[in-house]
Every structure is written in structure tokens, then in C-alpha cells.
Amino acid sequence: MRFLLDDEQSEFGRTLDRMLSAADTPSAVRAWAAGEHGPGRAVLGRLAEAGVFALAVPEAHGGLGPLPVELAVSFVEVGRHAVPGPLVETVAAAALFGRLARAGEAADAAKEWLPRLADGRAAVSLVLPGHGPYALDADAADAVFAVTAADELRRCPTYGPVQPSLDPARRLARPLPAGEPVASGAAVRAAAEHAADWAAFATAAQALGTGLALLERTVAYVKERTQFGVAIGSFQAVKHRLADTLLGLEFARPLVFGAAVALASGSPGAGAEIAAAKVAAGEAAYAAARSALQSHGAIGYTAELDLSLWIGKARALRSAWGTPAECRARALDLFH
């Protein structure tokens, strides 16, 4: 099956690509990793102005969506340019509050937060059961929400020390229990499961973009680097490695957009398709990182090279919002 974007969707992706290319995201990533969030928040603001976060927010609450296909287009570009920040978590929070609002729960919180998420006034982090105890970029987020094992949604005003991550620009902190529940009960459990699907879906699209960027940079490098008087890209071993990388990414692409179509249609099998897309895109991006590292040689290990920003991100995204083993198990369970 082929999933082709229409002209408007394709142009949206190209517009984001041009905008992010002019934003010097590598500098923003390095600043973010050092705890300086200003440049990164400026990039997030530009994405919000382009309507990226509004794609996850229902129209009734000031958004444009939910529009999963357009969101996938957006997050491919986010990954391609290594944009820092809790973008996936902001989208997941929008899905969480949107589902609660439809269930008639947490009306005041939805009314407060959904418009702010849509127009970029707020970026939030989110912790859900089964996805680790840490909040991404809690120190940069405007709010941190957590769903507890007791099916309570809480806003967490405090958090523990920032922990290092495989990706220096992914800053992790454990939220500390405090505050009154925003909502509780079965509706919160259902909304949390829905939000986790959106988080895994957005992460899959981000991983796909990360892998594509790694491949593009590696192809450009092997055309320039010479050995024995010829470009190393002319060697069969290098060609085969990069061809395998391309095949992995091109196999993941229709799975990501297939998951978007399933989400948009409300398909009961959307969870399985998201899991399949997440494992395929995560593994493809990780393979692209390994190919990039091998093709660049010793220089690929240096933190000064911008390539390292994408290598670290590919490794982190592989396990974020569902490890490969968890995603495979979920896809198999739901398909059977």
C-alpha cells in the first residue's frame, strides 16, 4: 500500500524544513543540553506559529485537529532538524486532555491547557504509567503532569535533580508527588492509554526524520572523503551499508503514515499499527546512526561534530515511549 501526501501536506513539510533550516537548530540543541532554553524555546515558538501543536488539539479548544497525518509530516521535520524540547510530550498532553474533555472529565483543566498548548504559550512534560518515572525537560516545561498507578492525573510542581541521558539534549527528572489530583478514575486510565499511543506515534515520526537526516549527512560525507585516491562512497561495502539503511527507512515510512491514517479514522487496530511503526522507525534510525558512525570513522565520535546530535537522539528515541521489545509484543498481541 502506498501512502502519498497531497500537495498541501507536502508543501507544509517543505515550509517547516525551510523554517528549521534557517533556525540554526544545532546551536539551539547545544544550548538546551547546557540548560539554556531560550534558543530552543524560540524554535518551539516558531513551530507553534506554523500550527504544529494545534494539529493535536481539537478545534473546540482552539486547535486545528486532531490531524495525525499532518502531525506526522511535522514530526518528521522535527526529527530531521533535531529540534530539542518536550514536543512529543506536549502532543501527548493535548491528546490526554482532549480525551478527558470528550469524556466530560477535567473540564476546567482542559479549558485552561488545551488552548495554551495549541498556540504555543505552554510546553508541557508528561509521565504515564509503564513509560518510566522520568519527565523529559521538566526544567524547561511550563508544567509537568503525571498519571499515577492509581489512575490519578496530577500536576507536579516540583521535581528531582536533572539526570543525564543518552541524548544530552533530553534532560530527565523525576516528578515529586504533590498537589491535588486534576482528575481520577477509569476516564484517566483510558485517556492515559490514548495519550501513550499519540506519544509513540509522534516519536516514530521523529525517529524517521532523525534517520533520514543521518543518512543524508552520511551520503554527503562519503562523497567527499577519499581513501586510496577515490571517494569512499565508491566502495561496495559502503554502498551496501547505506543501501540497507535506506531500505530500513523507506520500509518505516509507510508504517508511520499508515499509523497516522489509522489514528485519523479511529481504527480499532491503530494501537498495533502505531507499535509497528514505532519499532520500525526506531530501529531504522538506530541503524542509520550506526552506519553514520562507521562511515565517518573516528571523527564520528566527537561531540564537536553536529552529527553527534542526531546519533544520540536516534539511540534515545529507539526506547522512548516503547522499547522495541514492548512494541513488537504489543503489535503481535493486537494483531492476534
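Number of residues in region 285-336 that are at pLDDT 95 or above, outside any helix (DSSP H, G or I) and out of contact with any helix residue (DSSP H, G or I) (no Cβ under 6 Å at 6 or more places or on another chain): the value is 1. Does Ala281 qualify as being in contact (Cβ under 8 Å) with a residue 24 or more places away in the chain and not assigned by TED's automatic domain parsing to the domain that holds Val69? It is true that Ala281 is in contact (Cβ under 8 Å) with a residue 24 or more places away in the chain and not assigned by TED's automatic domain parsing to the domain that holds Val69. Of all residues in region 212-220, at least one satisfies being assigned to a helix (DSSP H, G or I), β-branched (Val, Ile, Thr), at pLDDT 95 or above and surrounded by fewer than 19 Cβ atoms within 10 Å (Cβ to Cβ). Comparison of Phe251, Phe201, Phe257, Phe228 shows that the only residue that is in the same structural domain as Gly271 (by TED's automatic domain parsing) and touching a Pro at 6+ places or on another chain (Cβ under 8 Å) is Phe201. All conditions but one from (1) under 21 Å from the mean Cα position of the chain (by Cα); (2) of a type in the set (A, V, I, L, M); (3) crowded, with 16+ Cβ neighbours inside 10 Å apply to Ala325; the one that does not is (3). Exactly one residue among Glu105, Glu89, Glu77 is modelled with pLDDT under 95, surrounded by 21 or more Cβ atoms within 10 Å (Cβ to Cβ) and over 17 Å from Ala264 (Cα atoms), and that residue is Glu105.
Which residues, counting only those in region 234-290, are of a type in the set (Val, Ile, Thr) and surrounded by fewer than 24 Cβ atoms within 10 Å (Cβ to Cβ)? Lay out the reasoning, then the answer.
Applying the first criterion (of a type in the set (Val, Ile, Thr)) to region 234-290 yields 238, 245, 256, 261, 274, 279.
Across region 234-290, the qualifying residues are Val238, Val261.
All of (1) part of a strand (DSSP E or B); (2) closer than 17 Å to Asp142 by Cα hold for Ala183 with one exception: (2). Here Gly65, Gly51, Gly40 are screened, and the one residue that is at pLDDT below 95 and in the same structural domain as Arg170 (by TED's automatic domain parsing) is Gly65.
The values are calculated or read from the model by the stated rules, or taken from the named source; none is laboratory data. The model shown is predicted, which means the values in this text are computed figures rather than measured ones. FYI the Cβ positions are ideal-geometry reconstructions off the backbone, even for glycines, and counts take in every protein chain you see.
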